[in-house]
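Okay, so here's the structure we're looking at.
Read the figures in this text as sums done on the coordinates, not as results from a lab. Everything numeric in this text was worked out from a predicted model, so none of it was measured. Cβ placement follows ideal geometry from the backbone for every residue including glycine, while neighbour counts extend to all protein chains displayed.
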Amino acid sequence: MTSTSPPSVVVVGSANLDVVLSVAAVPRAGETVLARGTSRNAGGKGLNQAVAVARAGAACTFVAAVGDDEAGRDLTRTMVGDGIDVTHLRTSAEPTGTAHIAVQDDGDNAIVVAAGANATLHELTAADRELLAAASVVVAQLEVPVEVVTAAAQAAADATVVLNAAPAAVLPPELLAAVDVLVVNEHEALVVAGLTAPAGADVAADPALLRRVLDALLEVVPAVVVTLGGRGARWATREASGETAAPRVHVVDTTGAGDTAVGYLAAALAAGEPLAAAVAHAVAAGSLAVETAGAVPSVPRRAQVLERLPR
Ligand code: RIB
């Protein structure tokens, strides 16, 4: 019998209220700058990825924790509005996570996160484990405790486990052993690989260094996607590798663009696309996200992404 239900993706991760400050340039240590404007949006790496999965057309369940507060209720409304299954969402005694984000004129940012409720997501329930065991793709990042990320990856059974190692961290071997696709930016790639780049080195612009980083990562995971910002993304398995260039776009705000790429990558993998095609979806989606301000508000719809795919 042919199933008509969309492929299922489970996202385990953070949900934040993003407090955004628009500035000419992000302040250096010891500096005070005046913001030109402020806004509040739904965000958090986990929620941004869950919204991207849902907007890509996959069925998405979000395992996360928010506080019993107005921000938590707002974020939950956002999830429900995007058709995300919130039955595995916890309400914590800690306040909802908050990210303070300075976005400068060129669209780049600096982010400080107060984890709040996200830090209380320590354990999986029996129902979470059942959900993860039945999923097509499981996605996680590192704004929730690493023990729950590890438990989720291990509970994923037959699912493809996509780990976005952000924020950058040295990862326990038992987590890496359960990962199928590691998604990292240049900085995260170096940290996870345990490598130090020569001073001033640019991984994205140095093919030999990038190859070295990829080779080191492929010793611990079977597939790697390195996102290269405006350059696109490079992917590699132990058998093959490739690159998708990003289209030239007007960058307004890079916040959440990497998360959008991860969500679209996961949805494409869940739909049965090979890694190269899934990376093309991710790059197209990320390039659309940087054209709009905010994290969740900038996640594009599936039709926009299909329109932007290279022909
Ligand atoms: O990756 C972008 C996200 O990082 C923001 O939405 C913010 O909440 C932080 O988690």
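Under 10 Å, Cα contacts only: if you run a Gaussian network model on the chain, which one of Leu171, Leu132, Leu214 comes out with the highest mean-square fluctuation?
Checking each option, the largest mean-square fluctuation is seen for Leu171.
Among Glu273, Glu307, which comes first, second and so on when ranked by fewest other beta-carbon atoms within 10 Å?
Ascending number of Cβ neighbours within 10 Å: Glu307, Glu273.
Suppose every Lys and Arg Cβ carries +1 and every Asp and Glu Cβ carries -1, with no other charges. What dipole size does segment 37-115 come out with about its Cα centre, to the nearest 20 debye?
For this selection, approximately 240 debye.
Under a Cβ-Cβ cut-off of 11 Å, what is the net charge of the residues other than Ser92 that fall near it, where Lys and Arg count +1 and Asp and Glu count -1?
Net of charged neighbours comes to -2.
Please give the contour-minus-distance gain from Ala119 to Ala303: 0.36 nm per residue of separation, less the Cα-Cα distance, rounded to one decimal in nm.
62.7 nm
Net charge near Val113: determine it from the other residues with C-beta under 12 Å of the C-beta of Val113, scoring Lys and Arg +1 and Asp and Glu -1.
Within the 12 Å Cβ shell, the charges total -1.
Quote the charge dipole size of segment 74-206 about the Cα centre in Debye, to the nearest 20; the model charges only the Cβ of Lys and Arg (+1) and of Asp and Glu (-1). Mind dumping the intermediate values first?
Values: 3 positive and 19 negative charges, 78 e Å.
Dipole of segment 74-206, to the nearest 20 debye: 380 debye.
Please give me, ordered by residue number, the GluC sites (Glu not before Pro) of segment 170-245 that lie in loop per DSSP and have at most 14 other Cβ atoms within 10 Å.
Filter output for segment 170-245: Glu219, Glu239.
Would you calculate a helix-derived [θ] at 222 nm for the chain, using -39,500 (n - 2.57) for each DSSP H run of n ≥ 4 and dividing by the full residue count, to the nearest 500?
It lands at -9500 deg cm²/dmol.
Restricting to segment 160-291, compute how many DSSP beta bridges are antiparallel as a %, nearest 5.
Here the antiparallel bridges make up roughly 55 percent for segment 160-291.
Run through the DSSP bridge list for the chain and note the antiparallel percent, rounded to the nearest 5.
Working: 22 of 55 bridges.
Beta bridges within the chain, antiparallel portion: roughly 40 percent.
Given the C-alpha centroids of segment 136-150 and segment 219-257, what is the distance between them in whole angstrom?
Segment 136-150 and segment 219-257 have Cα centres separated by 20 Å.
Classify segment 180-303: rounded, prolate or oblate, from the alpha-carbon gyration tensor (a ≥ b ≥ c, eigenvalue square roots; a/c under 1.5 rounded; otherwise prolate if a/b is larger than b/c)?
oblate
Work out the length of the dipole vector of segment 128-279 about its Cα centre, built from +1 on the beta-carbon of each Lys and Arg and -1 on the beta-carbon of each Asp and Glu, and round it to the nearest 20 debye.
It works out to roughly 380 debye.
Using a 10 Å cut-off around each Cβ, can you sort Ser136, Ser14 from fewest to most neighbouring Cβ atoms?
Arranged by neighbour count, lowest to highest, Ser136, Ser14 become Ser136, Ser14.
Starting with the fewest neighbours, write out Ser298, Ser39 ranked by other beta-carbon atoms found within 10 Å of each beta-carbon.
Going from sparsest to densest Cβ surroundings: Ser39, Ser298.
Under 14 Å from the Cβ of Asp68, count the other residues' Cβ atoms, weight Lys and Arg +1, Asp and Glu -1, and hand me the total. Don't skip to the answer; put the middle values down first.
On the way: positive: Arg73, Arg90; negative: Asp69, Glu70, Asp74, Glu94.
Computed value for this residue: -2.
In a GNM of the chain with a 10 Å cut-off on Cα contacts, which of Ala29, Ala168, Ala134 has the highest mean-square fluctuation?
Looking only at Ala29, Ala168, Ala134, the biggest GNM fluctuation is shown by Ala29.
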